[in-house]
Amino acid sequence: MSLGHTRIAVIAEENSSSQEHIRGYRKVLQDHNIRAREDLIVISDSSAEHARCLAGGLLGSLHPPTAIITCNDVLAIGTLLGAREKNMKIPENLSITGFGNTLLSKNSNPPLTTVEIPIQSMCSLAVDLLVEEIEKRSKGKQAVLMLPKLIIQKSTGVCLVNDLNKEDVS
């Protein structure tokens, strides 16, 4: 995988799951020998309105990002609104991703690329494990790995920005 001349920003919340998203962002960049720019990581409250304002700030900078990763679909919708205010073409000039695969991602314009977490499977397993514990049939602690699924829709693509240089990348 090559990140090429992409500037990737993150809009996250002040919670542990968002901190894990940020940690993953930094790790991927490090794995590709790209310096993570802390000014491209911004913390939002849980509203689309705040994400819209933060996205507007990022996109109004001298070297705006070519992709914004958000830690949930609400923040992604706010980011999409901020991009529209800056007349950004999605995905030609900016890719946006969400997280959660909620109704928001399916019904936005354009539909958002998002990450689906297996909530139903997780809940079902949790209930099964709880019943086993209550009925004293528990096998003790178990580690369970459930993988998310990337749902690629129309908010991501190859950016047509050609004036970037290596110092601007991340």
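Every residue, every condition in (1) in contact with a strand residue (DSSP E or B) (Cβ under 8 Å, 6 or more places away or on another chain); (2) over 21 Å from GLY157 (Cβ atoms); (3) touching a residue at least 40 places away in the same chain (Cβ under 8 Å); (4) outside any loop (DSSP other than H, G, I, E, B), yes or no:
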| residue | (1), (2), (3), (4) |
| --- | --- |
| SER17 | no, yes, yes, yes |
| TYR25 | yes, no, yes, yes |
| GLU49 | no, yes, no, yes |
| GLY57 | yes, yes, no, yes |
| PRO65 | yes, no, yes, no |
* Residue by residue through the stretch 97-123, note down the ones that are surrounded by 14 or more Cβ atoms within 10 Å (Cβ to Cβ), of a type in the set (Gly, Ala, Ser) and assigned to a helix (DSSP H, G or I). => SER105
* To do: For the stretch 81-96, name all the residues that are in a loop (DSSP other than H, G, I, E, B) and of a type in the set (A, V, I, L, M).
  => MET88, ILE90, LEU94
* Asked: Is it the case that the stretch 125-142 has a residue that's in a loop (DSSP other than H, G, I, E, B) and at pLDDT 95 or above?
  -> no
* Structure fact -> If we keep only residues of the stretch 20-46 that are touching a helix residue (DSSP H, G or I) at 6+ places or on another chain (Cβ under 7 Å) and hydroxyl-bearing (Ser, Thr, Tyr), then the residue most open to solvent (accessible area, probe 1.4 Å) is SER46
* In the stretch 34-47, the residues that are within 12 Å of ILE11 (Cα to Cα) and assigned to a loop (DSSP other than H, G, I, E, B) -> ASP45, SER46, SER47
* Matching entry among VAL74, VAL158, VAL144, VAL127 (being within 24 Å of ILE41 (Cβ to Cβ) and surrounded by fewer than 13 Cβ atoms within 10 Å (Cβ to Cβ)) -> VAL158
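Any residue in the stretch 57-69 that is open to solvent by less than 10 Å² (accessible area, probe 1.4 Å) and touching a helix residue (DSSP H, G or I) at 6+ places or on another chain (Cβ under 9 Å)?
Looking only at the stretch 57-69, we keep the residues that are open to solvent by less than 10 Å² (accessible area, probe 1.4 Å), and these are 65-66, 68.
Right, trim to touching a helix residue (DSSP H, G or I) at 6+ places or on another chain (Cβ under 9 Å) and you get 65, 68.
Yes, the stretch 57-69 has at least one match.
The values are calculated or read from the model by the stated rules, or taken from the named source; none is laboratory data. In this text the structure is predicted, and so the values were computed from the model without any measurement. Neighbour counts are summed over all protein chains in view; Cβ atoms, including those assigned to glycine, are modelled from backbone coordinates with ideal geometry. Remember, those area values only see protein heavy atoms, side chains included, never the ligands or the DNA or RNA. Shrake-Rupley method; radii C 1.70, N 1.55, O 1.52, S 1.80 Å.
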